[in-house]
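Encoded as structure tokens, the structure appears first; notes follow it.
We did not get these values from a lab; they are worked out from the coordinates using the rules stated. Keep in mind that this is a model prediction, so the values were computed, not measured. Positions of Cβ are generated from backbone atoms using ideal geometry, with glycine treated the same way; all protein chains shown enter the neighbour counts.
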Amino acid sequence: MPSARDLAANIPWRIKIGAKLVLSRLPLDYGFWQRVGWFRLGDMDNPEYAFAVVKRHFERASASRNYEGLVALEVGPGDSVCSAMIAFAFGVRATVLVDTGRFARQDSEAYRAMAVYLEERGFAVPRLEETTTMEDVLRSCHAQYLTGGLASLRALQKESVHFVWSHHVLEHIKRCEFVDVMREVRRILRPDGVCSHSVDLKDNLSDALNNLRFSERVWESPFMARSGFYTNRLRYSEMRDIFRRTGFEVDVIEVARWDELPTPREKMSDEFRRFSDEDLLVSEFDVILRPE
């Protein structure tokens, strides 16, 4: 039987927007939508996927670095706190996970599966047989899970973190908060620290640019922004400029592009027609940031 995600992939973007606008108003919590496969915030409760993501960012930050004793921070852990377990297995001393809500799975099943996955690969991991809550998992990994978004970043001590990473998260930060978030990341990062970010610039509707059809007034309205498909719509050149303005050296290490615009330029809102094809054709990119 096809999963909810497989079925959703074949739904036209206009219908998908309408459905999410309606469904997001139902009196059901995120846990319900997570279980049925709608409004999921990634696959970080899948051990194989989570391990590959975290390993990729750690290795891109420094292929030969010893992580013993370091403090790491993930922006937007999403559906689980498995990344804290993986960082612990890599030797990180402490991990801070910052999100805008309590989206991570609370049951212990996914974390026990993650522990087995790591142990089978020769990593030292905490024993979780008697673990019943997510808080137990966090304590065993010397991790904090903060859910106040920008406010949580502001509460962290200056130059207290060695390594920051995010995976398909920066594009979901509210446009009005993006610069402040990057300033806070720069503030808490040590002078010898490093960031690794993977950014997905597709529309989260049909892997195109249909989100650029809407005016800023409509797209940034609370009605649209709280409906499960929001992205800040910052383009590739804009994000790179913000990284530099907030105090980072920018090293783009990988860029994926469409062969042609997936959404016709004439269908886009006026504010996006000014961008070059070269800019609009960027669908994803990976970047390493270091303090200037």
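Here the chain carries DSSP beta bridges of which approximately 45% are antiparallel, counting only pairs with both residues inside. Determine, from the Cβ-Cβ distance of GLU59 and ARG244 and an R0 of 22 Å, the FRET efficiency 1/(1 + (r/R0)^6), rounded to the nearest 0.05. FRET efficiency, GLU59 to ARG244: 0.35.
Dividing the mean sequence gap of close Cα pairs (under 8 Å, 6+ apart) by how many residues region 150-292 holds gives a relative contact order of 31 percent. With the simple spin-label model, which puts each label point 7 Å out from Cα in the Cβ direction, the ASP136 to ASN66 separation comes to 3.4 nm.
Taking the fewest neighbouring Cβ atoms within 10 Å as the starting point, the ordered list for HIS142, HIS167 is HIS142, HIS167.
With helices as the sole contributors, the chain gives -9500 deg cm²/dmol at 222 nm; each DSSP H run of n ≥ 4 counts as -39500 (n - 2.57), and the sum is divided by every residue.
The label-point distance for ARG190 and ARG154, in a model that sets each label 7 Å from Cα toward Cβ, rounds to 2.7 nm. Between region 125-186 and region 218-248, the C-alpha centres lie 19 angstrom from each other.
Note on the chain: GNM, Cα springs under 10 Å; of ARG105, ARG186, ARG56, the largest mean-square fluctuation is that of ARG56. The calculated Kirkwood hydrodynamic radius for region 41-291 is 18.9 Å, given to one decimal from all distinct C-alpha pairs. By the beta-carbon count within 10 Å of each Cβ, the least crowded to most crowded order of TRP165, TRP258, fewest first, is TRP258, TRP165.
For PHE214, nonlocal amide neighbours, meaning residues 5 or more places apart or on other chains whose placed amide H falls under 5 Å from its own, are SER269.
Taking the mean number of other Cβ atoms within 10 Å as a proxy for protection, how do you rank 123-131, 227-235, 197-205, 154-162 from highest to lowest?
Ranking the peptides 123-131, 227-235, 197-205, 154-162 by packing returns 197-205, 227-235, 154-162, 123-131.
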